[in-house]
Amino acid sequence: MTDGSVTVRVPAKVNVQLAVGGLRPDGFHGLANVFLAVGLHDEVTATPADSLRLTVGGPDAAAVPLDGTNLAARAARALAAHHGLAAPGVHLHLAKDIPVAGGMAGGSADAAGALVACDALWGTRTPRAELLALCAELGSDVPFSLLGEAALGRGRGELLTPLPVGGTFHWVFAVADGGLSTPEVYRECDRLRAAAGTGATVDAVPEPEPSPALLAALRDGDSAALAAALSSAGAGGGSSNDLQAAALSLRPSLADTLEAGTAAGALAGLVSGSGPTCAFLTGGAAEAEAVAAALAESGTCRTARPTTSPAPGATLLP
């Protein structure tokens, strides 16, 4: 065990495709989930302590739970149990910069960061495969937060295959006021499918598959081709995100945000994951800055953040 503190940087994600299968008997949905890590980060710092303690700083810190439901705290307990440690003696501090409840996997990122930070702090040297298994037990998005870069997620999103990315993509993320509940968005997706007469169960909805055009655009680093794929793949109301229609149903104002971003020059826009953050692909750094400025002035979002992808997964800082 190290005597000092350990800090791990973890990225946010955008789902450039989120193909959602039908509702299964176990209450989950099969996914074809194309993850892309982006350059918005949280930092998780682990320091020796007599017991498990959690503190949070940064934007929206007040919205982060500090009780046993926090994924970072659950990750520390899971790693301690995995190694037969009596109790997780650690102070975890989460420096938040990923939007909270914004569809960008901030809580999952913190869980992956806590696993890596505690593993380094305690000197447990957990093999990568075991860390990924612990991540999958904590939540569907947590394994990708550990992996980073780009990957296809199958199952509930936790079964990952790394994907090649041939260049840098420029994004703007429009952060909304308040969050959206991921389970509620999935329930609304099921309701909309049933109301449309197509059915919502696994027997009625085709098996989700990734878009070949989208995967090729990522591989080639082709922003124009990726924009076309974002606007056509899937069934989410003209989006590669099958949850977009449900997010718009629950938060109709997101349509104004999407319209403002595309009107400002974005190549494509979509709701990120279960929302309510909206992601806009642009042609370059200057275009991203211009779209972010226009979105900030539009009054349709709380803030707009330009950044790039792909980004590394959970990384120990010196």
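A few comments on the model shown:
- Selection status of D26, of a type in the set (D, E) and outside any strand (DSSP E or B): yes
- Some residue of the stretch 139-148 being assigned to a strand (DSSP E or B) and modelled with pLDDT under 95: no
- Scanning the stretch 177-203 for residues that are over 13 Å from H29 (Cβ atoms) and part of a helix (DSSP H, G or I) yields E184, R191, L192, A194, A195.
- Qualifying residue in the stretch 107-117 (condition: buried (at least 23 other Cβ atoms within 10 Å of the Cβ) and assigned to a loop (DSSP other than H, G, I, E, B)): no
- Looking at A314, A293, just one residue is at negative phi and surrounded by fewer than 18 Cβ atoms within 10 Å (Cβ to Cβ), and that residue is A293.
- Checking G197 against (1) touching a strand residue (DSSP E or B) at 6+ places or on another chain (Cβ under 6 Å); (2) over 29 Å from T308 (Cα atoms); (3) of a type outside the set (V, I, T), the condition it does not meet: (1)
- Filtering the stretch 270-308 to residues that are assigned to a loop (DSSP other than H, G, I, E, B) and over 16 Å from K13 (Cβ atoms) leaves G283, G284, G299, T300, C301, R302.
The values are calculated or read from the model by the stated rules, or taken from the named source; none is laboratory data. Note that the structure is a prediction, hence the values are computed from the model and not measured. All Cβ positions, even for glycine, are placed from backbone atoms using ideal geometry, and neighbour counts span all protein chains on display.
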